[in-house]
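Quick notes on the structure that follows.
Every read-out reported here was derived from the displayed coordinates using simple, explicitly stated rules and does not represent laboratory data. Please read all numbers here as calculations on a predicted model, not as lab measurements. Cβ placement follows ideal geometry from the backbone for every residue including glycine, while neighbour counts extend to all protein chains displayed.
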Amino acid sequence: MGKEPDNKRVAEATVDPLFINRWSPRALDPSPIPPETIQTLLEAARWAPSCFNDQPWLFMYADTAELRATYLEILAEGNRVWCKNAPVLAILFARRRFAHNGKPNNWAVFDCGAAWMSLTIQARLLGLYTHGMAGFSKESAHSLLGVPQGDYEAVCAIAIGRYGDAAMLPADLRDMEKPNGRNPLATIARRGIFKA
Ligand SMILES: Cc1cc2nc3c(=O)[nH]c(=O)nc-3n(C[C@H](O)[C@H](O)[C@H](O)COP(=O)(O)O)c2cc1C
């Protein structure tokens, strides 16, 4: 494993370092993640809040060479380049309808976001990283993994692993391999009534 890049992020308010130290590396180490660790990550996701406690998330995942080859096919080429080293790949699906009444669940994707972040924070607590990806084919996710499109929506691809070595990345990705910044705190929230 290589040295992790310096984290130059600066918090504007008091916050647990866990949040600053979460970022999305591409240089993931190929060493396997034990099945019980994967279960721990999924357990964290399981306790996320959801509308009507519907728990609309479905994490499909690959942790063997054979399964990862299938999941790699789902990814956009730009993500395949670095995801080929990731020991675990996942696709997160959202169940489209509420279990209790069959009506469309307009909050399912929001709830999946909460579940993914719980998984991500648990990963960090174990010294692992996650990297979410919109760059994948929803069609292939459904067809290759056999998840019915009428019942589920493919939401996000996820790579999981320990930090690896940036030297294994192509030059363009190596240059981007560091924690990035954020918009100022004052721009993301307003007290009271919105005024232009
Ligand atoms: C929904 C979502 C989709 C993303 N899609 C991609 C992607 O396809 N490829 C990629 O390399 N990074 C992707 N990212 C990573 C973002 O670029 C990254 O989270 C963002 O720049 C903030 O950086 P940080 O996660 O390192 O703090 C995605 C992240 C999220 C949450």
(Q) So, Asn85, is that one surrounded by 18 or more Cβ atoms within 10 Å (Cβ to Cβ), in contact (Cβ under 8 Å) with a residue 60 or more places away in the chain and in a loop (DSSP other than H, G, I, E, B) or not? (A) yes
Q) Among the residues of the stretch 124-146, how many are more than 12 Å from the ligand (Cβ to nearest atom), in a helix (DSSP H, G or I) and touching a residue at least 60 places away in the same chain (Cβ under 8 Å)? A) 5
Q) Does any residue in the stretch 4-30 that is away from the ligand (no atom under 14 Å from the Cβ) come within less than 7 Å, Cβ to Cβ, of a residue that is among the aliphatic types (A, V, I, L, M) and assigned to a loop (DSSP other than H, G, I, E, B) six or more places away or on a different chain, and which pairs are these? A) Asp29/Met1
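Residue-by-condition table, conditions (1) part of a helix (DSSP H, G or I); (2) among the aromatic types (Phe, Trp, Tyr); (3) surrounded by fewer than 17 Cβ atoms within 10 Å (Cβ to Cβ):
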| position | (1), (2), (3) |
| --- | --- |
| Glu36 | yes, no, yes |
| Gln39 | yes, no, yes |
| Ala45 | yes, no, no |
| Pro49 | no, no, yes |
| Phe52 | yes, yes, yes |
| Gln55 | no, no, no |
| Met60 | no, no, no |
| Arg68 | yes, no, no |
| Tyr71 | yes, yes, no |
**Q.** Residue satisfying condition, being surrounded by fewer than 18 Cβ atoms within 10 Å (Cβ to Cβ) and within 18 Å of Pro30 (Cα to Cα), within set Asp151, Asp165
**A.** Asp165
Q: Run Asp151 past the list (1) in contact with a Leu (Cβ under 6 Å, 6 or more places away or on another chain); (2) farther than 20 Å from Trp82 by Cα and report the number of the one that doesn't hold.
A: (1)
Q: With respect to Met168, determine if the residue is within 13 Å of the ligand (Cβ to nearest atom) and under 23 Å from Gly78 (Cα atoms).
A: no
Q.
Please go through (1) in contact with a Lys or Arg (Cβ under 9 Å, 6 or more places away or on another chain); (2) more than 26 Å from Asn53 (Cβ to Cβ) for Ala134 and return the number of the only condition it doesn't satisfy.
A. (1)
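Per-residue answers, yes or no, for (1) among the acidic types (Asp, Glu); (2) within 10 Å of the ligand (Cβ to nearest atom); (3) not in a helix (DSSP H, G or I):
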position: Gly113; (1), (2), (3): no, yes, no
position: Ser118; (1), (2), (3): no, no, no
position: Pro148; (1), (2), (3): no, no, yes
position: Asp175; (1), (2), (3): yes, no, no
position: Asn183; (1), (2), (3): no, no, yes
position: Arg191; (1), (2), (3): no, no, yes
position: Ala196; (1), (2), (3): no, no, yes
